[in-house]
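Notes for the one structure printed next.
The values are calculated or read from the model by the stated rules, or taken from the named source; none is laboratory data. On a predicted model such as this, the values are computed, not experimentally measured, just so you know. Using ideal geometry, Cβ is built from the backbone for each residue, glycine included, and neighbour counts are taken over all protein chains shown.
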Amino acid sequence: MAKKNSSYENLQTGVRRRRLPEIEAWVNMYPEKDYWIEMEIPEFTCICPKTGLPDFACVSLKYRPDKLCLELKSFKLYMNAYRSFGIFHEHAVNRILEDIVAACNPRQAIVSGRFNPRGGIITTVSSEFKSDENDKTGTNRR
């Protein structure tokens, strides 16, 4: 018996290549300090690639900056771009984390998304990045 393809097949093939606004960064004047920056986006929205309906979530970001910090206005514009992006919850959280790491190369970052119920199920997705703590030069970082 042939395996039946899921109706979700190929809905996310270009998710990693989709162009989104650039997240800008500025120079951290306290890179020797070990501290956390936390942000919360309580009205995050994206589009369900299957139904075309909006998905709503509270997305939180917690990161330990190194040489750069995220610039808030560009981060807001980046997050708002998801409003017209058809993306699964799991992909959204991981894509956001990848783009944050690319923008500011933090020591550590955690992105979590708590998505409103779909079919009576609340989905929470978390993804974490940790730099190589043993490499103080930053040469082994992404």
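Worth a mention:
- Among the residues listed as ILE122, ILE100, the single one being in a helix (DSSP H, G or I) and either without any contact (Cβ under 8 Å) to a residue 60 or more places away in the chain or under 22 Å from VAL15 (Cβ atoms) (or both): ILE100
- Hits in region 15-33 - residues which are at pLDDT below 95 and exposed (fewer than 10 other Cβ atoms within 10 Å of the Cβ): ARG17, ARG19
- The listed residues are ASN116, ASN80, and the only one of them that is polar (S, T, N, Q) and touching a residue at least 60 places away in the same chain (Cβ under 8 Å) turns out to be ASN116.
- In the set PRO42, PRO49, PRO65, PRO106, only one residue is of a type outside the set (A, V, I, L, M) and free of Cβ contacts under 8 Å to residues at least 24 places away in the same chain; that residue is PRO42.
- A single entry from GLY119, GLY86, GLY113 fulfils the requirement of being touching a helix residue (DSSP H, G or I) at 6+ places or on another chain (Cβ under 9 Å) and more than 20 Å from VAL27 (Cβ to Cβ): GLY113.
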